[in-house]
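Data first, discussion second: the structure below is written as structure tokens.
No value in this document is a laboratory result; all are computed from the given coordinates. Source: prediction; values computed, not measured. Methodologically, a virtual Cβ is constructed for each residue, glycine included, from the backbone with ideal geometry; neighbour enumeration extends over all protein chains shown.
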Number of protein chains: 2
Amino acid sequence: MKDVNKDLNLSVIKAFRLLDVYLNDKQEWGVRELAKKAGYNKTTTYRLLSTLESLDIVQKNGDDKYILGLKLFELGNLVSIHKSLRNYSRIPLENIAKEIKETVHFGVLSNNRILYLNKAESPLGLKVSTQIGSYQEAYCTALGKVLLAYSSKNLISDYFKNVKLEAHTSNTITSAKDLLIELKQIREKEYALDMEELELGLICIAIPVFNKNKEVVASISVSGPSSRFKSENIASYLSIIKKGASEIETRMSDYN
Amino acid sequence: MKDVNKDLNLSVIKAFRLLDVYLNDKQEWGVRELAKKAGYNKTTTYRLLSTLESLDIVQKNGDDKYILGLKLFELGNLVSIHKSLRNYSRIPLENIAKEIKETVHFGVLSNNRILYLNKAESPLGLKVSTQIGSYQEAYCTALGKVLLAYSSKNLISDYFKNVKLEAHTSNTITSAKDLLIELKQIREKEYALDMEELELGLICIAIPVFNKNKEVVASISVSGPSSRFKSENIASYLSIIKKGASEIETRMSDYN
DNA sequence: AAAAACGTTTCATAATACGAAACACTGTTT
DNA sequence: AAACAGTGTTTCGTATTATGAAACGTTTTT
């Protein structure tokens, strides 16, 4: 903790590291337990937690255990760009899910990964389910490939510098050359497929969502098990998703 | 900033104050602008923002303006206590809204106020709409009065010490004595009404949601314009909301 | 009854945050 | 064209703050 490239507030970084890394793994933590896991001193951890508690960022859960607090929930809902995207996407996503009967996801690109902003789940028992606010690799998801396909050349070259294309299944695209070809095809077809590239048995189809300046700001995907996802359905799925996407685009432009 | 009652990390407090108070008011801030508003030194503010930026808690929006970042959204979604409440309430709330055709809210008590955890909006044009994650006073809302009614005596006496009962309309209950009588009646009737106490023309009805230990953990309300909200509807509304509440209670107990 | 765990407090010391001033840059006014 | 008025950013000596070993008060386990 000596060589920081910039002059930053170390205790702020420590505080968020507690929140981000460690309070994620588990529901509740004791002071010593968390200190050990974080590699901080017991007293330091206690002081940080006390500080965060005074701000309602964490709170105590009965017997001296710390859990994430309500203020954090409140702050999360303030994130304006995504707040609006989430609001405007909700009803269209639900309509798509109702019509197709598969889970619908809505996400943006953030730090080279997909951030799931919203979803509408399939009414069926066997379905895909993802945590809102969680991340997934972009190169092996339909959502991610669409967003990469419409990104600037700079962003894409950065992407290849920073991201290692690891195989999740035998279908995962693991070479930069192949991925570039795929992205080109996506731009031409105006939709992306994920043919069991992230998980065996899981197929997705995704299209871009544009803002009023014709820039891609998000994407929508439909995900389902390969047993239900037949190639003859693609055309009808696409027309339903595109209807939903244009609904979101209309809602956004009405407010901006 | 000299007399702190405990030994807390001041820079952590400052960082969250930037997020909480100031990044809420506006969409984007310059460094000097935010420093002036927060009463911090320009350099301090810059350092705090740089720190938060390195953590993706804030991000830059084009021309050197800071906005809330994605990590905050992600962290907000990790808040476990309410994550489950939110998940379990979604479908029941939507069913209630569909049946009654009025907006349904779901909230908990936090720091003497109502925190809106979830909602399902009325399908009609004229409707009540609230921001998830936002707060409202408890004493002049049906949601809040239900939660106060089922709170411990200690919490209620604390409530009266810390909260000033201000009139929002001519119907607002502004005396502690009257509010205590109201809370007693709510416990007897097992539901609360808000008869234009927060806003003229706005009526709400709310009931409690219990956990498996028969403690009240949240409440559900239906809100609508006085033009549609007739006293003869109360009985049928109540039976629909109670059905939804017991659905939520079942879902919660299945998982805990 | 002893031991081992917990959260919490203390306090001298080492490390960090602080902020005035200077810098680099952009756009506006004279 | 030159001076000015705005930005965000960097520097660096100093004042403030965070640090952590040790001790404390409880509770739980042995």
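Things worth noting here:
- Inter-centroid distance (Cα atoms) of region A:195-256 relative to region B:68-143, Å: 27
- Taking 0.36 nm per residue of sequence separation and removing the Cα-Cα distance, the B:ARG32/B:SER84 pair yields an extension gain of 14.7 nm.
- Between B:LYS42 and A:TYR135, the modelled labels are 3.4 nm apart [label points 7 Å from Cα along Cα→Cβ].
- For region B:194-228, the residues whose backbone nitrogen is under 20 Å from a point 7 Å from the Cα of B:ILE181, taken along Cα to Cβ, are B:194-198.
- Once exposed loop GluC sites (Glu not before Pro) are cut out (DSSP; at most 11 other Cβ, 10 Å), longest piece of chain A: A:1-165
- Pair B:ASN95, B:THR174: separation of 7 Å Cα→Cβ label points (nm): 4.3
- One equal scatterer on each Cα of chain B, no solvent, Debye formula: the resulting log10 I(q)/I(0) at q = 0.10, 0.17 Å⁻¹ is -0.61, -1.22.
- Translational diffusion coefficient (Stokes-Einstein; Kirkwood radius from C-alpha pairs) of the protein assembly as shown at 4 °C, 1.567 mPa s, in µm²/s: 52
- Label 7 Å beyond Cα on the Cβ vector: B:LYS184 copy-to-copy distances, nm: 8.1
- For A:LYS42, inter-copy label distances in nm, listed shortest first [label point 7 Å out on the Cα-Cβ vector]: 4.6
- Shielding value for B:112-119 is 1, the average number of Cβ atoms from other chains within 10 Å of each residue's Cβ.
- For the residues of A:124-135, the average number of beta carbons from a partner chain within 10 Å of their own beta carbon is 2.
- Inter-copy label distances for B:LYS243: 2.8 nm (label point placed 7 Å from Cα along Cα→Cβ; shortest first).
- Summarising the rotation from chain B to chain A, the nearest chain B beta-carbon to the axis and its distance in Å are given as B:GLY76, 1.
- Shape summary of region A:110-246, radius of gyration then Dmax from alpha carbon positions: 14.3, 42 Å.
- Given their separation in residues at 0.36 nm each and the Cα-Cα distance between them, A:SER231 and A:ASP20 gain 71.9 nm when the chain is fully extended.
- Approximate spin-label separation A:ASN111-A:LEU200, in nm, with each point projected 7 Å along Cα-to-Cβ: 3.1
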